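Below is one structure, written out as structure tokens, with a few remarks after it.
The values are calculated or read from the model by the stated rules, or taken from the named source; none is laboratory data. Quick caveat: nothing in here was measured; it's all calculated off a predicted structure. Ideal geometry is used to build each Cβ from the backbone, glycine not excepted, and the neighbour counts take in all protein chains shown.
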Amino acid sequence: MSKETEFKNSYKVLEDGQIGEVQIADEVVAIIAGLAATEVEGVASMAGNVTNELVSRLGMKNLSKGVKVDVTGEAVCVDLALTMQYGYSIPKTSEQVQDRVKQAIENMTGLHVNEVNIRIAGVRPEGQK
């Protein structure tokens, strides 16, 4: 497998001048975003497409479910699909998610986050898991 094919969905954080290169896959950035979003109170879960839902029902965890990441150069745009817990303010919770995701990605990768777009895909009633 050629080096270009192996790392086509990744980006370099450190290049020559160091001991070596550090490359981070887009999937890793998506996992960081998904984990950060679910830490916010009021977010019930990430909402995924049919494939993601099937994978989760089979018992396999997809940590990037409901997350789309576009990395261009050193800038990141994130699209999240969330299921909210009933009773929480959507605008307030969404703003907290945007801040948490932006901070997590920037602190862990050193990339600049341009956008964190949120789509509310559902609301989970109280007491339901």
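Report the residue count in the range 78-103 for those that are closer than 9 Å to residue 42 by Cβ, surrounded by 19 or more Cβ atoms within 10 Å (Cβ to Cβ) and β-branched (Val, Ile, Thr).
2
Pick out the one residue from 69, 76 that is in a strand (DSSP E or B), more than 23 Å from residue 127 (Cα to Cα), modelled with pLDDT under 95 and touching a Leu at 6+ places or on another chain (Cβ under 6 Å).
Matching residue, one of 69, 76: 76.
Would you check if there is a residue in the range 41-49 being more than 9 Å from the chain's Cα centre (by Cα), modelled with pLDDT under 80, in a helix (DSSP H, G or I) and surrounded by fewer than 17 Cβ atoms within 10 Å (Cβ to Cβ)?
No, that holds for no residue.
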